[in-house]
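A.B. asks: Here's a structure for you.
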Amino acid sequence: MFTSSSQAISSYQRVGVESGVAAADPHKLILMLFEGAQQALSRSKLHMRQNEIAAKGEMISKAILIIDHGLKASLDRNTGGALADNLHQLYDYMTQRLLLANLHNDPALIEEVSQLLGELHTAWQAIGQQPASQPASPLTTEADQTR
């Protein structure tokens, strides 16, 4: 019975995320990436404390994928200039730290990346609250590029 209820919860969450993605603007999508990475890191620390090595590795891998194929891939280095380049390097640093955290089972490295993501998430939220007359962001999405 536990398996079927856990599958139902998982399906419900997946539908909720998919619905959120479909309705989100590019700014909201980036926020969702930050939140997804943070959730994966939180879960990886929990699995680490419970000595669940495979689950810990899956969650760290998920965070790395979000950072590398989500956040870093969304950077527009042509428009974003030095800021986009710096973020690119920071995302590379984060993925390297997470690989080390996984290899050495080090929760401090996960916490370091989590704090960095938290600061960027807060800054990204603030960008979304600025009036439309503000300068363009160094980030873009495929939807922005096709307009």
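The values are calculated or read from the model by the stated rules, or taken from the named source; none is laboratory data. Since the structure is predicted, the reported quantities are computational estimates derived from the model, not experimental observations. Counting neighbours? That spans all protein chains shown, and the Cβs are built from the backbone with ideal geometry, glycine included.
A.B. asks: Of all residues being in contact with a helix residue (DSSP H, G or I) (Cβ under 8 Å, 6 or more places away or on another chain) and among the β-branched types (Val, Ile, Thr) in region 93-127, which is surrounded by the fewest Cβ atoms within 10 Å (Cβ to Cβ)? Just the residue, please.
C.D. replies: Result: Ile127.
A.B. asks: Taking the residues in region 82-100 that are over 18 Å from Ile30 (Cα atoms) and hydrophobic (A, V, I, L, M, F, W, C) as candidates, determine which candidate is modelled with the lowest pLDDT. Before you say what the answer is, go through the steps one by one.
C.D. replies: Keep residues of region 82-100 that are over 18 Å from Ile30 (Cα atoms), which gives 82, 93, 96-100.
Filter once more, so that each one left must be hydrophobic (A, V, I, L, M, F, W, C): 82, 98-100.
Working: Ala82: 95, Leu98: 98, Leu99: 98, Leu100: 98.
Only one residue tops the list, namely Ala82.
A.B. asks: Which one is farthest from the chain's Cα centre (by Cα) among residues in region 101-126 that are farther than 18 Å from Lys28 by Cα and of a type in the set (A, V, I, L, M)? Talk me through it step by step, then tell me what you get.
C.D. replies: Going residue by residue through region 101-126, those that are farther than 18 Å from Lys28 by Cα are 101-116.
Going one step further and asking which of them are of a type in the set (A, V, I, L, M), we end up with 101, 103, 108-110, 113, 116.
Numbers: Ala101: 17, Leu103: 20, Ala108: 18, Leu109: 16, Ile110: 13, Val113: 11, Leu116: 11 Å.
Checked region 101-126; the qualifying residue farthest from the chain's Cα centre (by Cα) is Leu103.
A.B. asks: Same structure, new question: Here are some residues: Gln96, Gln39, Gln50. Which one is more than 17 Å from the chain's Cα centre (by Cα) and not hydrophobic (A, V, I, L, M, F, W, C)? Outline the logic, then answer.
C.D. replies: Values: Gln96 fails: more than 17 Å from the chain's Cα centre (by Cα); Gln39 fails: more than 17 Å from the chain's Cα centre (by Cα).
Answer to the selection: Gln50.
A.B. asks: Of all residues in region 78-87, which are crowded, with 16+ Cβ neighbours inside 10 Å and either under 18 Å from the mean Cα position of the chain (by Cα) or among the basic types (Lys, Arg) (or both)?
C.D. replies: Ala84, Leu87
A.B. asks: Residues in region 71-81 that are in a helix (DSSP H, G or I) and either charged (D, E, K, R) or modelled with pLDDT under 95 (or both): how many?
C.D. replies: Narrowing region 71-81 to residues in a helix (DSSP H, G or I): 71, 77-81.
So of that shortlist, the ones also either charged (D, E, K, R) or modelled with pLDDT under 95 (or both) come out as 77-81.
The qualifying residues number 5.
A.B. asks: Given the residues Leu29, Leu46, which is the only one that is under 17 Å from Leu98 (Cβ atoms), among the hydrophobic types (A, V, I, L, M, F, W, C), assigned to a helix (DSSP H, G or I) and at pLDDT 50 or above? Reasoning before the result, please.
C.D. replies: On the way: Leu29 fails: under 17 Å from Leu98 (Cβ atoms).
So the residue among Leu29, Leu46 that is under 17 Å from Leu98 (Cβ atoms), among the hydrophobic types (A, V, I, L, M, F, W, C), assigned to a helix (DSSP H, G or I) and at pLDDT 50 or above is Leu46.
A.B. asks: Filter region 26-76 down to the residues that are of a type in the set (Lys, Arg) and exposed (fewer than 15 other Cβ atoms within 10 Å of the Cβ), then identify the one that is nearest to Asp92 (Cα to Cα).
C.D. replies: Kept after step one, since they are of a type in the set (Lys, Arg), are these residues of region 26-76: 28, 43, 45, 49, 56, 62, 72.
When the remaining residues are screened for being exposed (fewer than 15 other Cβ atoms within 10 Å of the Cβ), the result is 28, 49.
On the way: Lys28: 23, Arg49: 26 Å.
Filtering region 26-76 for residues that are of a type in the set (Lys, Arg) and exposed (fewer than 15 other Cβ atoms within 10 Å of the Cβ), the one nearest to Asp92 (Cα to Cα) comes out as Lys28.
A.B. asks: Considering region 102-147 alone, what residues qualify as being within 14 Å of Leu71 (Cα to Cα), at pLDDT below 75 and either of a type in the set (A, V, I, L, M) or in contact with a strand residue (DSSP E or B) (Cβ under 6 Å, 6 or more places away or on another chain) (or both)?
C.D. replies: Result: Leu139, single match.
A.B. asks: Provide a single number: the residues in region 78-89 that are out of contact with any Leu (no Cβ under 7 Å at 6 or more places or on another chain) and under 19 Å from Ala63 (Cα atoms).
C.D. replies: 1
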